[in-house]
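Undergrad: The structure follows.
No value in this document is a laboratory result; all are computed from the given coordinates. Source: prediction; values computed, not measured. For neighbour counting, all protein chains shown are included, and Cβ atoms are generated from backbone atoms with ideal geometry for every residue, glycine included.
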Amino acid sequence: MLPDAVLWDMDGTIIDTEPIWQESQVVLTARYGAEWTHQDGLSLVGSGLERSGEILRDKGVDMGVEEIVQWMTDYVVERLHGDDLPWRPGARELVEELHDRGIPTALVTMSRRAMALVTAEAFGARGFRVVVAGDDVDRPKPHPDAYLAAAAQLGVEPTACIAIEDSATGVASARASGAVTVAVEHIVPIAEGAGDVHLTTLGGVDVDRLLELTGPALSARAAERQGGPASVPTSAPVTEGDAR
């Protein structure tokens, strides 16, 4: 069964920016003599930037939340350079193949729009029809607002979409929107069953494999939209080995 669209998280899912975000936090807290641990950095993966700014300020960074957000965004953007983006395995190829197969895609990220566009523009004509960034919505992930906005802009039902995420916070956001959710575990663990499909890599996952993995959950959502019983399970965890 084909989805109406595929909605993509960015940081950690398409490009491996999480280590750069964490580096920015280490540099900034060191500047103010604030205590900051690797675990502190991991706790922010998938969160809205405003929450990160609030926590960094509470830790001792003597800047306003918006100043902190802008400083970190500028730090990360300066490290990203077009075709040199740190692509996650299989992600770019899958986005481009979805375009070639006529399946619309959207980029759904809590990063600021200026940074999201760096990634979106790297795809050129084979990229995203819609970009929804953190500064486009009132409530960040794990609220579903960004995914709901992306589906609305594409003119599709969220429950007819596939969302691809790499963090527990992002998976919760996508699931709350009703989208069939593929959890691709990366830096932080994601509990089995949190998404409809659980992977450890997109390496080797082409469009046909993605449809195979998500087909049961998409069919269940379709049955629910039509008012019938969900005759198939909506959660089908798989492993990295299954994806190949």
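Undergrad: Just the number, please: percent antiparallel of the DSSP beta bridges in the chain, rounded to the nearest 5.
TA: Bridges in the chain that DSSP calls antiparallel: roughly 5 percent.
Undergrad: Just grab the label-to-label distance for residue 1 and residue 27, each label 7 Å out from Cα along the Cβ direction, in nm (one decimal).
TA: 4.6 nm
Undergrad: May I pose another question? Full-extension gain between residue 129 and residue 78, please, as 0.36 nm times their residue separation minus the C-alpha to C-alpha distance.
TA: Taking 0.36 nm per residue and subtracting the Cα distance, the gain is 15.9 nm.
Undergrad: Can you tell me the relative contact order of the chain? Whole percent, Cα pairs under 8 Å, sequence separation 6 or more. Could you put the intermediate results ahead of the total?
TA: Details: 483 pairs, mean separation 51.2, N = 244.
It comes to 21 percent, rounded to a whole number.
Undergrad: I need the GluC sites (Glu not before Pro) found in segment 29-61, filtered to DSSP loop residues with at most 15 other beta carbons within 10 Å of theirs.
TA: 35
Undergrad: Compute the length gained on full extension between residue 226 and residue 212: take 0.36 nm times their separation in residues and subtract their Cα-Cα distance, giving the result in nm to one decimal.
TA: Between residue 226 and residue 212, full extension yields an extra 2.9 nm.
Undergrad: Taking the 0 to 90 degree range and rounding to the nearest ten, how far is the long axis of helix 113-122 tilted relative to the main principal axis of the chain, both from C-alpha atoms?
TA: Between the helix axis and the principal axis of the chain, the angle is about 60 degrees.
Undergrad: If you average the C-alpha positions of segment 19-52 and of segment 119-173 separately, how far apart do those two centres end up, in angstrom?
TA: 24 Å
Undergrad: Please give the helix 145-154 orientation as an angle from the longest Cα principal axis of the chain, in degrees from 0 to 90, rounded to the nearest 10.
TA: 50 degrees
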